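S.K.: Before anything else, here's the structure in question.
What follows draws every value from the coordinates through simple rules; no lab data is involved. Just so you know, these numbers come straight off a predicted model, no measurement behind them. Methodologically, a virtual Cβ is constructed for each residue, glycine included, from the backbone with ideal geometry; neighbour enumeration extends over all protein chains shown.
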Amino acid sequence: MEKTFIMVKPDGVQRGLVGEIVARFEKKGYQLVGAKLMHVSRDLAEAHYAEHKERPFFGELVDFITSSPVFAMVWAGEGVIGTARHMMGKTNPKEADLGTIRGDFGVSVGMNIVHGSDSAESAERELSLWFKEEEVT
Ligand code: ATP
Ligand code: MG
């Protein structure tokens, strides 16, 4: 079954949005097959966001994601990678449609509540980075 990596970022956890976000994916029909609340190390953050290494906001991004716990999840289901991205909305919450997670709850591009793998290749890479095999049912 197709799987993707979804993470509630520090702002989402602090604002008490974990339940709301889990509920949206459950109600859509996807299955939660792995989850953990964790403090992200600098190494993991830098590896996760390696594609943005040269961008001017990279340092801020790593600082933010390591600043307080995140809720890391593995979701499974047909077409879950693409559909989860639709459910999250555009990267910049100001441009994200209402009805999406970022559109409903976010304000700034740095604090945009949630992360989701953007392709099958990213999902495979990120799942192996964040989860051990025995942590996924
Ligand atoms: P994510 O990878 O977190 O799911 P995304 O795939 O929608 O988000 P990316 O282009 O991969 O967007 O950017 C990764 C993250 O970097 C964004 O979620 C956002 O928090 C941050 N980011 C992207 N662009 C900017 C920017 N111009 N200024 C500040 N932060 C940014
Ligand atoms: Mg991305």
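S.K.: Given +1 on the Cβ of Lys and Arg, -1 on the Cβ of Asp and Glu, and no further charges, what dipole in debye does region 84-137 carry about its Cα centre, rounded to the nearest 20? Walk me through the intermediate numbers first.
M.R.: Details: 6 positive and 10 negative charges, 64 e Å.
Dipole size: approximately 300 debye.
S.K.: Something else now. Quick one: net charge of residue 28's neighbours, Cβ under 14 Å, K/R +1, D/E -1? Don't jump to the answer; show the numbers that get you there.
M.R.: Working: positive: 24, 27, 85; negative: 2, 20, 26, 78.
Net charge in that neighbourhood comes out at -1.
S.K.: For a quick check, take a GNM of the chain with Cα springs below 10 Å and name the residue from 114, 70, 22 with the largest mean-square fluctuation.
M.R.: Maximum among the listed residues: 22.
S.K.: Name the most mobile residue of 66, 91, 83, meaning the one with the largest mean-square fluctuation, in a Gaussian network model of the chain with Cα contacts below 10 Å.
M.R.: Maximum fluctuation in the GNM of the chain, among the listed residues, is at 83.
S.K.: Going 7 Å from the Cα of residue 31 along its beta-carbon direction, which residues of region 105-137 have the amide nitrogen within less than 18 Å of the resulting point?
M.R.: Answer for this model: 133-137.
S.K.: Quick check for me: using +1 on Lys/Arg Cβ and -1 on Asp/Glu Cβ, what's the dipole size of region 28-137 about its Cα centre, in debye to the nearest 20? Display every interim value, and only then the final one.
M.R.: Details: 11 positive and 17 negative charges, 61 e Å.
With Lys and Arg at +1 and Asp and Glu at -1, about 300 debye.
S.K.: Same structure again: Pulled fully out, how much extra length does the chain show between residue 129 and residue 55, if you take 0.36 nm times their separation in residues and subtract their Cα-Cα distance?
M.R.: Details: separation 74, 0.36 × 74 = 26.64 nm, distance 2.13 nm.
Extra length available between residue 129 and residue 55 comes to 24.5 nm.
S.K.: Further question: If you keep only loop residues by DSSP, which trypsin sites (Lys or Arg not before Pro) in region 45-137 have at most 13 other Cβ atoms within 10 Å of their Cβ?
M.R.: Passing sites in region 45-137 are 53, 94, 132.
S.K.: Could I ask something else about it? Could you tell me which residue out of 76, 25, 103 lies farthest along the dipole of region 3-135 toward its positive end? Charges go on the beta carbon: Lys and Arg +1, Asp and Glu -1, centred on the Cα centre.
M.R.: It is 103.
S.K.: What's the extension gain from residue 98 to residue 20 if we count 0.36 nm per residue and subtract their Cα-Cα distance? Spell out each step's value before the answer.
M.R.: Values: separation 78, 0.36 × 78 = 28.08 nm, distance 1.50 nm.
Length gained between residue 98 and residue 20: 26.6 nm.
S.K.: Considering only DSSP states other than H, G, I, E and B, which GluC sites (Glu not before Pro) in region 17-58 qualify as loop sites with at most 14 other Cβ atoms within 10 Å?
M.R.: Listed in order of number, the matching sites are 54.
S.K.: Report the local net charge at residue 1: Lys and Arg +1, Asp and Glu -1, summed over other residues whose C-beta lies under 14 Å from its C-beta. Could the numbers behind the result be given before it?
M.R.: Numbers: positive: 3; negative: 2, 78, 124.
With Lys, Arg at +1 and Asp, Glu at -1, the net is -2.
S.K.: Using amide H atoms built 1.01 Å from N in the peptide plane, name the residues 5+ places from residue 40, or on other chains, whose amide H lies under 5 Å from its own.
M.R.: Answer set, sorted by chain and number: 70.
S.K.: Another question, then. What chymotrypsin sites (Phe, Trp or Tyr not before Pro) does region 38-136 have in DSSP loop regions with at most 15 other beta carbons within 10 Å?
M.R.: Loop-located and lightly packed - 57.
S.K.: Is there a pair in 53/132; 9/36; 36/90; 9/94; 27/94 whose C-alpha atoms are over 20 Å apart, and which pairs would that be? Each step should come with its number before you reach the end.
M.R.: Numbers: 53/132 25 Å; 9/36 12 Å; 36/90 25 Å; 9/94 17 Å; 27/94 25 Å.
The pairs that break the limit, which is 20 Å between Cα atoms, are 53/132; 36/90; 27/94.
S.K.: Then there is this: Can you give the helix-only mean residue ellipticity at 222 nm for the chain, where every DSSP H stretch with n ≥ 4 adds -39500 (n - 2.57) and the sum goes over all residues, rounded to the nearest 500 deg cm²/dmol?
M.R.: Details: 7 runs with 56 residues, N = 137.
That comes out to -11000 deg cm²/dmol.
S.K.: Which net charge results for the neighbourhood of residue 101, defined as the other residues with beta-carbon distances under 13 angstrom from its beta-carbon, given Lys and Arg at +1 and Asp and Glu at -1? Walk me through the numbers before you get to the answer.
M.R.: Numbers: positive: 9, 15, 24, 27, 28, 85, 90, 102; negative: 11, 20, 97, 104.
Value of the local net charge: +4.
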